[in-house]
Amino acid sequence: MYHWDFGLVWTYRWLLLDGLGVTVGFTIAIVVLGLVMGLAAALAKLSAFRPLAWLASAYVEVFRCTPLLVQLVWFYYAMPILTGIEMSALTAGILALSLYGGSFYAEIIRGGIVSIDRGQTEAGEALGMLPAQIMRRVVLPQALKRMVPPLMNQSIIQFKNTSLVSVLAVPDLLYQGQVAAHDSYRPLELYTVIAIIYFLALFPLTLLVRRGEARLATTD
Amino acid sequence: MTSQSKIEVAALRKCFGDLEVLKDINLSVEPGGVVALIGPSGSGKSTLLRCINLLVVPDGGRVRVGGDSFAFGTGTRLPGVKELARFRANTGMVFQHFNLFPHMSVLANVMEGPLTVRGLPKAKAEPLARSLLAKVGLADKADAYPNKLSGGQKQRVAIARALAMEPEVMLFDEATSALDPELVGEVLAVMRALAKEGMTMVIVTHEIAFAREVADRVIFMRDGVVVEEGPAQQVIDAPREAATRAFLSHFHKRGEAPAATA
Ligand SMILES: Nc1ncnc2c1ncn2[C@@H]1O[C@H](COP(=O)(O)OP(=O)(O)O)[C@@H](O)[C@H]1O
Ligand SMILES: [Mg+2]
């Protein structure tokens, strides 16, 4: 029978807190950048200008259909050799995760936009609004309401995906946990505590999403 | 076809794929004139109306509203998005299913055109919107959201929203067809008042009695062509074409005959 000793974990509290800080900051960065990417790709996919729509589709499919870990490693190891562009592990991580997230956000945003009744666009056109004005003032505000729960879900997944950057030695929560585990010879305790920290950070968010979905169901 | 007319449509053609929906349509409406478009479902009435404000871009012919004119077909350049938008800003359109903006209050719906398209400051757009809401009898609903309104109220807001652009002409596509029967009257009353004020209007409607009373002229369409056109009372009371007679007989049977003969 394994003898648990969680007391030891407490001595690594600052290290783990540091890691949590990096994980949260990293998540915020990749969610924001991913949403920008996703919105741009969604609008490009809906564009009447074919080459642009095609380019956006290619981006979405490439990043949706390759494993994130492969993308991370590729950006960090392969790209510098191919292009000569060197980047830090942190930059490579942010780039890969933002592009990966953006490809999923793009489909959610596109789906939200096309779900808005065509009559709304026609009403804007009949008033003499320009396409960009119709998108900004009529379609997007309505689509956003429907997109928020799935976007939140995807962002929760992104939060968990950040743990993959530990393979590039970015000092996130998982990486610091590994350091502590090696240092203390107590991997079971440390990995258990890390799992609990992730859970405590994410569970409230999933509840929030569920509440949002329920409210949407009653107002729509 | 005098150059005095407000709306002029000449040799208009429109196809959807292989289906020729409008075949050489000619139409002109005098300033202050009211034209009712009637005909069976699928005859091309909505498409014709949507060609008048270029919501549907025609394949051939010419469309003029006021001083703005566009030609279509081989050898012509398709209008760009800015030209289209400017053209549409001058024509008001009312849809069968209202198409109000559900995320905006009634007041914001009516102010949207003036603010976004005409670039009016809020201080001017708001009194304009409030006066139009008063005109359609909904001054007290300014702060409500569309989902709290009855169908008749929604359609009256939609009319106010279109009028807020101060358009030269108003187009109505079956404005009362989606309404419960008891709500039709309030919308027709607003349309009747507009016609009296001298608004130039093209109305697609199945309200034959209303068309006879309010329209100056009636156009009967079938399969993308104008079958018969003339003064409203003549076309409805004494149609010359057998097809018009056959179409109108449905309405007489349903007890919607003009009040004079009921
Ligand atoms: N956007 C479209 N694409 C393809 N066919 C259309 C489109 N709009 C209308 N049609 C077709 O054109 C014909 C005329 O339609 P419409 O103008 O709506 O007739 P009406 O308003 O008289 O009922 C119908 O056969 C309809 O199916
Ligand atoms: Mg129709």
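The values are calculated or read from the model by the stated rules, or taken from the named source; none is laboratory data. All values derive from a computational prediction rather than experimental measurement. FYI the Cβ positions are ideal-geometry reconstructions off the backbone, even for glycines, and counts take in every protein chain you see.
At-a-glance table
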{"item": "Total residues in segment B:79-104, condition surrounded by fewer than 17 Cβ atoms within 10 Å (Cβ to Cβ) and either farther than 18 Å from A:Val139 by Cβ or more than 9 Å from chain A (Cβ to nearest Cβ) (or both)", "result": "4"}
{"item": "Helices (runs of 4 or more DSSP H) lying entirely in segment B:185-257 (those with 3 or more residues that are over 29 Å from B:Pro167 (Cβ atoms) and not small (Gly, Ala, Ser))", "result": "B:242-253"}
{"item": "Matching entry among A:Val170, A:Val138 (being buried (at least 22 other Cβ atoms within 10 Å of the Cβ) and either in contact with a Leu (Cβ under 9 Å, 6 or more places away or on another chain) or closer than 15 Å to A:Thr23 by Cβ (or both))", "result": "A:Val170"}
{"item": "Test: residue in segment B:66-79 that is within 14 Å of the chain's Cα centre (by Cα) and within 30 Å of B:Ala134 (Cα to Cα)", "result": "no"}
{"item": "Count of segment B:162-193 residues which are farther than 17 Å from B:Cys51 by Cα, out of contact with any Leu (no Cβ under 8 Å at 6 or more places or on another chain) and more than 16 Å from ligand 1 (Cβ to nearest atom)", "result": "15"}
{"item": "Residue tally, condition within 14 Å of chain A (Cβ to nearest Cβ), within 16 Å of ligand 2 (Cβ to nearest atom) and either of a type outside the set (D, E, K, R) or not in a loop (DSSP other than H, G, I, E, B) (or both), over segment B:159-176", "result": "4"}
{"item": "Which listed residue is within 30 Å of B:Gln96 (Cβ to Cβ), modelled with pLDDT of 95 or more and more than 14 Å from chain B (Cβ to nearest Cβ), from A:Arg110, A:Arg118, A:Arg137", "result": "A:Arg110"}
{"item": "Filtered residues of segment B:34-49 (kept if buried (at least 17 other Cβ atoms within 10 Å of the Cβ), near ligand 1 (Cβ under 9 Å from one of its atoms) and under 18 Å from B:Thr244 (Cβ atoms))", "result": "B:Leu37, B:Gly39, B:Ser43, B:Gly44, B:Lys45, B:Leu48"}
{"item": "Elements of type strands (runs of 3 or more DSSP E) in segment B:1-105, at least 2 residues being of a type in the set (Lys, Arg) and more than 21 Å from B:Ala195 (Cβ to Cβ)", "result": "B:7-16, B:60-65"}
{"item": "Number of positions in segment B:13-24 that are touching a Lys or Arg at 6+ places or on another chain (Cβ under 8 Å) and within 16 Å of ligand 2 (Cβ to nearest atom)", "result": "2"}
{"item": "Every residue from segment B:35-81 that is within 21 Å of A:Leu127 (Cβ to Cβ), small (Gly, Ala, Ser) and near ligand 2 (Cβ under 10 Å from one of its atoms)", "result": "B:Ser46"}
{"item": "Candidate set: segment B:6-33, residues that are buried (at least 18 other Cβ atoms within 10 Å of the Cβ) and either within 12 Å of ligand 1 (Cβ to nearest atom) or over 20 Å from the mean Cα position of the chain (by Cα) (or both); chosen: the one farthest from the other protein chains (Cβ to nearest Cβ)", "result": "B:Ile25"}
{"item": "Condition check for B:Pro127: part of a helix (DSSP H, G or I), over 28 Å from B:Ala178 (Cβ atoms) and not charged (D, E, K, R)", "result": "yes"}
{"item": "Residue match in segment A:157-171 (condition: hydroxyl-bearing (Ser, Thr, Tyr), closer than 30 Å to B:Met104 by Cα and assigned to a helix (DSSP H, G or I))", "result": "no"}
{"item": "Test: residue in segment B:188-198 that is crowded, with 16+ Cβ neighbours inside 10 Å and either at pLDDT below 95 or among the acidic types (Asp, Glu) (or both)", "result": "no"}
{"item": "Set A:Ile28, A:Ile81: member being within 18 Å of the chain's Cα centre (by Cα), without any contact (Cβ under 8 Å) to a residue 60 or more places away in the chain and not in a loop (DSSP other than H, G, I, E, B)", "result": "A:Ile28"}
